[in-house]
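Asks: What follows is a structure written as structure tokens; I'll ask about it next.
The values are calculated or read from the model by the stated rules, or taken from the named source; none is laboratory data. On a predicted model such as this, the values are computed, not experimentally measured, just so you know. We place every Cβ from the backbone using ideal geometry, glycine too, and count neighbours over all the protein chains shown.
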Amino acid sequence: MNRIVIKLKELIKKLPFVKLAIHHIYIYVIHPLGLLNLGLYTTFRTLKFFKLKNNIQKWKASMRVSCHIIEKGLTMPDKRLGFGQERVLFVANEILSHLDYKNLPEINIAVGILKEYDKIHTENNYTLPFKLQDKIDDVINSYPEVASLSQIKVTIEDYFSAKDSSFHTFALSRHSIRNFSGSVSLEQLNDSIELALTAPSACNRQAIKCHLFNNKDIVQKILSYQNGNRGFGHLVPQLCILTVDLRMIGTNEQNDIYFNAGLFAMNLSYAFHFNRVGSCMLNWAVTPKKDKTLKKIAGILDPESVAVIIAFGAVNDKIEIARSTKMKLNDAVVYH
């Protein structure tokens, strides 16, 4: 068998057109098929597990997302009483219909958030619709031992007080900021990006680009295509769109787009915090049409893929921050 392979290689060397033909077959047939195979693999896996019935992991994600939306509403700069009623009703119904989940942290967190929602509306003499208030009362009466989960209220000095502390203290002090007072300086911005550039990247290819926007009209136009900035988007002074250049990515490395962007984005988030810049990650999960429209508006080259958008700016003197309770260590780790 080895002799046959050796003879074939020798033959190919003697016939340049055969070598060229094989090269073209690889580039135009095998290579694209590899890309297609990886795409289909990812798509079918997502569809397979997304549609599973009685999926507790999906339920947990749904509750975490819903609770976070309510939390954000409780901390918005321009708080609108009576907000999110459909979402609150959904969470209340989920709590009451899943008594078998009562020991899960998702239930306790949800109950605490609904109690805080009720408390704020009571303190402001705001009357919620009877059906909604009745459901909230049922939740409160079913879980008398769970405390109201208040959000975080801090001054700007308290928020940035851990800048020169240990990394452990510094990392715990960082939160997503949705309450901005204006733009930050070019010096703060450049220093943050230089720090972020120390992030690892696959094979050190460094395919990241930071697209920065200060123009209010363009910032608002970009945010109109992103669905996670309701309630505070109008206050965002500056944006960073992180992209990854597909010309620098290999055949089976599409997922490296988000791996590399994620490493850089978290590094940038910490660098922003170090330089007294508030920031908030905004995911980019849209249709191809919206993706193309955004790139046209933002002047992003076609080979670049948008991975994440980061809202940033100067922080107000007094701010409210969503608590965003994190999972416990035992829920995040599998010891093999």
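Asks: Report the residue count in segment 233-277 for those that are in a loop (DSSP other than H, G, I, E, B), modelled with pLDDT under 95 and not hydroxyl-bearing (Ser, Thr, Tyr).
Replies: Taking segment 233-277 and keeping what is in a loop (DSSP other than H, G, I, E, B), we get 236-237, 249-255, 275-277.
Now restrict to residues that are modelled with pLDDT under 95: 249-255.
With the extra rule that they be not hydroxyl-bearing (Ser, Thr, Tyr), the set shrinks to 249-250, 252-255.
Summing the residues that are in a loop (DSSP other than H, G, I, E, B), modelled with pLDDT under 95 and not hydroxyl-bearing (Ser, Thr, Tyr) in segment 233-277 gives 6.
Asks: Six or more apart or on different chains, Cβ under 9 Å: which pairs go from a residue in segment 142-157 that's more than 18 Å from residue 76 (Cα to Cα) to one that's outside any helix (DSSP H, G or I) and among the hydroxyl-bearing types (Ser, Thr, Tyr)? Could you list them?
Replies: Sorted first by the residue in segment 142-157, then by its partner, the list stays empty.
Asks: Since residue 192 meets every condition but one in (1) part of a loop (DSSP other than H, G, I, E, B); (2) among the hydroxyl-bearing types (Ser, Thr, Tyr); (3) within 27 Å of residue 72 (Cα to Cα), which condition does it not meet?
Replies: (1)
Asks: Within segment 145-164, which residues are in contact with a helix residue (DSSP H, G or I) (Cβ under 9 Å, 6 or more places away or on another chain), surrounded by 16 or more Cβ atoms within 10 Å (Cβ to Cβ) and among the aliphatic types (A, V, I, L, M)?
Replies: Correct list: 146, 149, 162.
Asks: Which count do you get for residues in segment 313-329 that are touching a residue at least 60 places away in the same chain (Cβ under 8 Å) and over 12 Å from residue 158 (Cβ atoms)?
Replies: Matching residues across segment 313-329 total 10.
Asks: For segment 38-60, state whether one or more residues are within 30 Å of residue 152 (Cα to Cα), touching a His at 6+ places or on another chain (Cβ under 9 Å) and modelled with pLDDT of 80 or more. Walk me through it before giving the result.
Replies: The initial filter retains those residues of segment 38-60 that are within 30 Å of residue 152 (Cα to Cα), namely 56-60.
From the residues that got through so far, the ones that are touching a His at 6+ places or on another chain (Cβ under 9 Å) too are 59.
Filter again for modelled with pLDDT of 80 or more, leaving 59.
So far as segment 38-60 goes, yes, one or more of its residues are within 30 Å of residue 152 (Cα to Cα), touching a His at 6+ places or on another chain (Cβ under 9 Å) and modelled with pLDDT of 80 or more.
Asks: Right, here's the next one. Which one of the conditions (1) of a type in the set (D, E, K, R); (2) loosely packed, with under 13 Cβ neighbours inside 10 Å; (3) modelled with pLDDT under 95 does residue 79 fail to meet, given that it meets all the rest?
Replies: (2)
Asks: Now for a different question. Among the residues of segment 79-103, write down those that are under 18 Å from residue 141 (Cα atoms), of a type outside the set (Lys, Arg) and assigned to a loop (DSSP other than H, G, I, E, B).
Replies: From segment 79-103, those under 18 Å from residue 141 (Cα atoms) are 88-103; that's our starting set.
Checking which are of a type outside the set (Lys, Arg) leaves us with 88-101, 103.
Residues satisfying the conditions are 98, 103.
Asks: Only one residue in 207, 196, 202 is modelled with pLDDT under 95 and either in contact with a His (Cβ under 9 Å, 6 or more places away or on another chain) or crowded, with 20+ Cβ neighbours inside 10 Å (or both), so which one is that? Break it down stepwise before answering.
Replies: Working: 196 fails: modelled with pLDDT under 95; 202 fails: either in contact with a His (Cβ under 9 Å, 6 or more places away or on another chain) or crowded, with 20+ Cβ neighbours inside 10 Å (or both).
Going through 207, 196, 202 in turn, the sole match is 207.
Asks: Please go through (1) surrounded by 18 or more Cβ atoms within 10 Å (Cβ to Cβ); (2) more than 18 Å from the chain's Cα centre (by Cα) for residue 190 and return the number of the only condition it doesn't satisfy.
Replies: Here residue 190 meets the rest and fails (1).
Asks: With 239, 212, 235, 172 as the choices, which residue is free of Cβ contacts under 8 Å to residues at least 40 places away in the same chain, of a type in the set (A, V, I, L, M) and closer than 18 Å to residue 314 by Cβ?
Replies: Values: 239 fails: free of Cβ contacts under 8 Å to residues at least 40 places away in the same chain; 235 fails: free of Cβ contacts under 8 Å to residues at least 40 places away in the same chain; 172 fails: closer than 18 Å to residue 314 by Cβ.
Answer to the selection: 212.
Asks: List, please: which pairs have Cβ atoms under 9 Å, are six or more places apart or on different chains, and start with a residue in segment 42-54 that is surrounded by 10 or more Cβ atoms within 10 Å (Cβ to Cβ) and end with one that is assigned to a loop (DSSP other than H, G, I, E, B)?
Replies: Qualifying pairs under 9 Å: 42/254; 42/255; 49/55.
Asks: For segment 302-316, what are the residues that are out of contact with any Asp or Glu (no Cβ under 8 Å at 6 or more places or on another chain) and not polar (S, T, N, Q)?
Replies: Selection gives 302, 307, 308, 309, 310, 311, 312, 313, 314, 315.
Asks: Can I ask one more? Look at residue 235 and say whether it is among the aliphatic types (A, V, I, L, M) and surrounded by fewer than 16 Cβ atoms within 10 Å (Cβ to Cβ). I'd like the intermediate steps shown before the answer.
Replies: Details: among the aliphatic types (A, V, I, L, M): yes; surrounded by fewer than 16 Cβ atoms within 10 Å (Cβ to Cβ): no.
The answer is no for residue 235.
Asks: Here are 217, 137: which of them is surrounded by fewer than 14 Cβ atoms within 10 Å (Cβ to Cβ), outside the structural domain of residue 247 (by TED's automatic domain parsing), assigned to a helix (DSSP H, G or I) and charged (D, E, K, R)? Reasoning before the result, please.
Replies: Details: 217 fails: outside the structural domain of residue 247 (by TED's automatic domain parsing).
Only one candidate qualifies: 137.
Asks: Related question: Condition first: in contact (Cβ under 8 Å) with a residue 24 or more places away in the chain and of a type in the set (Ser, Thr, Tyr). Now tell me which residues in segment 253-302 satisfy that.
Replies: 258, 269, 270, 279, 293
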